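To start, the structure itself, in structure tokens.
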Amino acid sequence: MAQAAIELIGINKSFGAVRANRDINLEIGRGTIHGIVGENGAGKSTLMSILYGFYQADSGEIRVGGQPASIKTPNDAIALGIGMVHQHFMLVDNFTVLENVILGAESDALLKKSIAKARSELERLEREYGLEVDPDAIIEELPVGLQQRVEILKALYRGAEILILDEPTGVLTPAEADHLFRILRQLKDQGKTVVLITHKLREIMAITDTVSVMRQGTMVATRETRKTTVEELAELMVGRRVLLRVEKGEAEAGAVKLAVKNLTVRDTRGVTMVDDISFDIRAGEIVGIAGVAGNGQSELLEAISGIRRAVSGSVMLDGKPIDLTGAADPGELRDRGLAHVPEDRHHVGLVLAFEENENSILGYHDDPRYLKGPFLNIDAIRNDARDKIAKYDIRPADCRLKTANFSGGNQQKIVLAREMEQDPGVLIVGQPTRGVDVGAIEFIHKRLIAMRDQGKAVLVVSVELDEIRSLSDRILVMFAGRIVGERGSEATEGELGLLMAGIEHQEAAL
Amino acid sequence: MDVFNAIIQTLDSTIRLSVPLLLACLAGLYSERAGIFDIGLEGKMLVGAFAGAAAASVFHSAFLGLGMAVVISVAFAMIHGFASITHRGNQIVSGVAINFIAAGSTIILGQAWFQQGGRTPALQPGERFEAITLPGAEAIRDVPIIGPIYAELLSGHSILVYLAFLMVPFTWWVLFRTRFGLRLRAVGENPAAVDTAGISVAWLRYRALICTGILTGIAGAYLSMVQNGGFVKDMTAGKGYIALAALIFAKWKPVNAMFACLLFGFLDAASIRLQGSPLPIIGKVPAQFMQALPYILTVILLAGFIGKAIPPRAGGVPYVKER
């Protein structure tokens, strides 16, 4: 193994009673790409924050380039050549790229010289690593992929030799992620060390040289990437065997439950996002909608669930029309047996400041089961919440806990439990496992298939192609607001990828 | 020529009336751009006015008065900082508390020290800032048009008036041409970005509040040592709030702030001038209406005429390092 760029020896860190890191030992080789995987809350981000000087370890030693290092603030880390690209970008949105790059690393009390220096330095970095960004562009006008590039430039501008990336692909499209990986390989070829934190195992396999696995605050294993498998890593992460692809029987499709005809939806700016779409969902099948984010899937979901008004078109639920062009009413749809698990659980699905039991009846609070005269029946609500917690294995099992204190996977289970337990005829799910751990993904997928097997009609929209292929009985691909193809569950990734990129669609149009 | 003279005089009082607004508005600009809402501009001006007049009267020096106004005002800004930066308290509550403390303590201390019902003794010559005659003003006074504009409008103000207007380009330069300004704007938009860049968020915000305190101190000194010959209780009379409105109206930009304050100053000057005199067509307008006009216009302007004013994104939110 090459000389170590970073050694962590016996790192411990607690937040109150929670031991986020226990006795961590880790060695990262110079000039390698080192992956760190683990479920949410396994302590990956805490460990990296200690390395970047955001937190102090309670005990343990850090060595950088073989020398013991004392890292008390991000400044110390920067001085040691450690740079970090945070999961949520640390950029000032209404500043230019140049202003963001020099912030905190200005060479002079006046900006003029700093900016001139940064401009020529950026040109050099651009040539060397293929990191093209317009230095005068305003951050908020750039797509996320480019914003991330600015974060990388910021670190390199400060002379980073070791670059830590925290969940870098969470916000990227597949094409942007590929571009990022090319840049990371280039950095490695130039002798830089890259630490990649992620919970996406495919990325680990695709790009890293070495991978370390964390579970519940401990470092459970370090492997050479080419000598391990996705299955082994998943097992190490979760601590038990995990089915990455759920098993399911043949669908027994019945009568049409939801029929969408010629639906057209515009977004708030007046741009047509859903363009004359028609499809059916039958009882006992899962229909998956694949597509790169931003091709109208969100608007389609919002229109069908009654959150957004449609411009034209009709939707029939159990053979009876629902009026989506007039005053859309999610409550009425709920009463008629259409349940909706929204894409964005934080803004639409949950009130994070509420207790778990309050969220578990949100939207169903006028159901007589939860009422005692004009008042809420608190006992009934809490008992109901406890049942759901047990049935969906929501952790921690405390219905009085504030919802914000649950992990992403458990929050998603709260929403799923709420909607599924109403026994709806049609279930619409947006991004069922976004930000959810491997173990919980398996659980959620099993639940969705159980719904199907009970004869419900399920519509799943996801940007994760694996998920769509694993769950769906039929796959519809959306591109630029239209459905550009329908495939069975046996469709290959390459085939769907071409459809998602709109390539087949363009050829057909020629 | 009468109309011309009337216009010149109205504009002259526009300048005089907009100075305290402008200083307070720029003061608010420093703190709000750094992400600290400051509803306590009013209170800081008031303690500045009191400290300035009291010190000037006791020590017989206008400049000592000004210095004391600035020191006390900065001290109040630091209280706001201690509550809202160090202890992450609610910025509005802290600001309102400062206004109450200022209103009460100035009266109590004024009565205890000077026994004039909360007033400070009338300032004597030398204890106030006198008007400055610009070079050549008397020589060209009789030249038509240019003469009165130079001699009446531009010349003959106190040094604080010129200082206030010089603060506009200076503030612009600080914000957009210096490292401190870049960091100050950044901390008001995304303090986490500043923190991860290795800069102390708290120290940066404290420095912004020091700037705020200095400017509100000067604004207060102007009220009690230039506009008036001593401190009178509650003499700020809502100017701190009007300055905040002007700040929103100006979209947190220094040059816009100057124009916004001149507009509010003009409305004030016009309402004073037009009181009691009949207007063409409408006839005689009640004085109360003219006095209310600036406020009515403020509401109308803020409600619809300026488009969307986007405040600094991290404004009002205490910075907590996230896990």
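The values are calculated or read from the model by the stated rules, or taken from the named source; none is laboratory data. Please read all numbers here as calculations on a predicted model, not as lab measurements. Counting neighbours? That spans all protein chains shown, and the Cβs are built from the backbone with ideal geometry, glycine included. These area figures cover heavy atoms from the full protein model, side chains too; ligands, DNA and RNA do not enter into them. Shrake-Rupley method; radii C 1.70, N 1.55, O 1.52, S 1.80 Å.
Some points to look at:
- In this simple spin-label model, placing a label point 7 Å from the Cα along the Cα-to-Cβ direction at both B:K308 and A:D423 gives a separation of 4.6 nm.
- D (Stokes-Einstein, µm²/s), Kirkwood Cα radius, segment A:4-238, 1.306 mPa s at 10 °C: 87 µm²/s
- For segment A:216-251, GluC sites (Glu not before Pro) are listed when DSSP marks them as loop and at most 14 other Cβ atoms sit within 10 Å of their Cβ; the list is A:E247, A:E250.
- Efficiency of FRET between A:N12 and A:R124 - r from beta-carbon atoms, R0 30 angstrom, step 0.05: 0.15
- The mean sequence distance of close C-alpha pairs (under 8 Å, at least 6 residues apart), as a share of the length of segment B:2-302, puts its relative contact order at 34 percent.
- Among A:352-359, B:17-24, A:296-303, A:138-145, the order from most to least packed when residues are scored by Cβ within 10 Å on average: B:17-24, A:296-303, A:352-359, A:138-145
- Estimated FRET transfer efficiency (B:V317, A:H365; beta-carbon r; R0 41 Å; 0.05): 0.85
- Across the cross-link table entries A:K13/A:K413; A:K200/B:K321; A:K112/B:K253, which are compared at the Cα atoms, the separations over 24 Å belong to A:K13/A:K413; A:K200/B:K321.
- Cβ neighbours within 10 Å from other chains - mean over A:92-99: 4
- Taking only the Cα atoms of the protein assembly as shown, the radius of gyration and Dmax are 32.9, 102 Å.
- Amide H contacts of B:L123 (H built 1.01 Å from N, under 5 Å, at least 5 apart or other chain): B:G230
- Under 5 Å from the amide H of A:M214 lie the amide H atoms of A:V37, A:G38, A:V220, each residue being 5 or more positions distant or on a separate chain, with H modelled from the backbone and absent for Pro and chain starts.
- Highest mean first, the peptides A:410-418, A:7-15, A:71-79, A:125-133 sorted by other C-beta atoms within 10 Å per residue fall in the order A:410-418, A:71-79, A:7-15, A:125-133.
- Average other protein chain Cβ within 10 Å of Cβ, residues B:110-119: 0
- Whole-Hz Karplus values for segment B:209-219 come out as 5, 4, 4, 4, x, 4, 5, 5, x, 5, 4 Hz, taken residue by residue from phi with 6.51 cos²θ - 1.76 cosθ + 1.60 and θ = phi - 60°; glycine and proline positions read x.
- Dmax and Rg, reported as Rg then Dmax, of segment A:357-510 (C-alpha, Å): 18.9, 65
- GNM top mover of B:G283, B:G43, B:G198 - chain B, alpha-carbon springs below 10 Å: B:G283
- Relative contact order computed over chain A (Cα-Cα under 8 Å; 6+ residues apart), in percent: 14 percent
- Ranked by the mean number of other Cβ atoms within 10 Å of their residues, highest first, the peptides A:427-440, B:48-61, A:338-351 fall in the order B:48-61, A:427-440, A:338-351.
- Segment A:261-284 and segment A:425-458 have their alpha-carbon centroids 22 Å apart.
- Length added when fully stretched, A:D466-A:D76, from 0.36 nm per residue minus Cα-Cα: 136.3 nm
- Two-decimal Rg to Rh for segment B:7-66 - Kirkwood Rh, Cα set: 1.10
- With a simple spin-label model that places each label point 7 Å from the Cα along the Cα-to-Cβ direction, the separation between B:K233 and B:S61 comes to 3.1 nm.
- If you take the Cα centroid of segment B:135-171 and the Cα centroid of segment B:242-268, the two points sit 21 Å apart.
- Backbone HN-Hα couplings from phi across segment B:161-168 [Karplus 6.51/-1.76/1.60, Hz, Gly and Pro as x]: 5, 5, 4, 4, 6, 5, 5, 5
- In sequence order, calculated HN-Hα J values of segment B:94-101 (Karplus, 6.51, -1.76, 1.60; Hz; x Gly/Pro): 4, x, 5, 4, 4, 4, 5, 4
- Inter-chain neighbour count for A:73-86: the average number of beta-carbon atoms from partner chains within 10 Å of each residue's beta-carbon is 2.
- Beta bridge orientation in the protein assembly as shown: antiparallel %, DSSP, nearest 5: 60 percent
- Around the Cα centre of the protein assembly as shown, unit charges on the Cβ atoms of Lys, Arg, Asp and Glu (plus for the first two, minus for the last two) sum to a dipole of about 1920 debye.
- Given +1 at the Cβ of Lys and Arg, -1 at the Cβ of Asp and Glu and no other charges, the dipole of segment A:400-510 around its Cα centre is 640 debye to the nearest 20.
- Per-pair calculated FRET efficiency, R0 = 60 Å: A:L110 and A:M205 via Cβ, rounded to 0.05: 0.80
- Relative frequency of Cα-Cα separations exceeding 19 Å in segment A:1-86, percent: 35 percent
- A cut-off of 5 Å between modelled amide H atoms, ignoring neighbours fewer than 5 places along the same chain, links A:S14 with A:A20, A:D58.
- Ellipticity at 222 nm from helices only: DSSP H runs of n ≥ 4 in the protein assembly as shown, each -39500 (n - 2.57), divided by the residue count, give -14000 deg cm²/dmol.
- Unit charges at the beta carbon, dipole of chain B: most positive-side option, B:A27, B:G136, B:P311: B:P311
- For the pair B:H87 and B:A270 in one chain, pulling the backbone fully straight at 0.36 nm per residue adds 61.4 nm over the alpha carbon distance.
- Acute angle (nearest 10 degrees) that the helix B:179-189 long axis makes with the longest principal axis of chain B, alpha-carbon atoms: 80 degrees
- Nonpolar atom fraction for the protein assembly as shown, defined as the carbon and sulfur part of the 1.4 Å probe accessible area, stands at 57 percent.
- Between segment A:13-63 and segment A:126-167, the alpha-carbon center distance in angstrom: 24 Å
- Selection from A:I394, A:I381, A:H365, by position along the positive dipole direction of segment A:349-421 (Cβ): A:I394
- When accessible surface is computed with a 1.4 Å probe, chains B and A are found to bury approximately 2200 Å² between them, both chains counted.
- At q = 0.23 Å⁻¹ the log10 of I(q)/I(0) for segment A:349-421 amounts to -0.97, computed by Debye summation with a single uniform scatterer per C-alpha, solvent ignored.
- Estimated dipole of segment B:61-172 in Debye, rounded to 20 [Cβ of Lys and Arg +1, of Asp and Glu -1, Cα centre]: 460 debye
- The length gained by stretching the chain between A:D387 and A:A404 to full extension, at 0.36 nm per residue less their Cα-Cα distance, is 4.1 nm.
- Scattering profile of chain B at q = 0.12, 0.15 Å⁻¹ [log10 I(q)/I(0), Debye over alpha-carbon scatterers]: -0.85, -1.23
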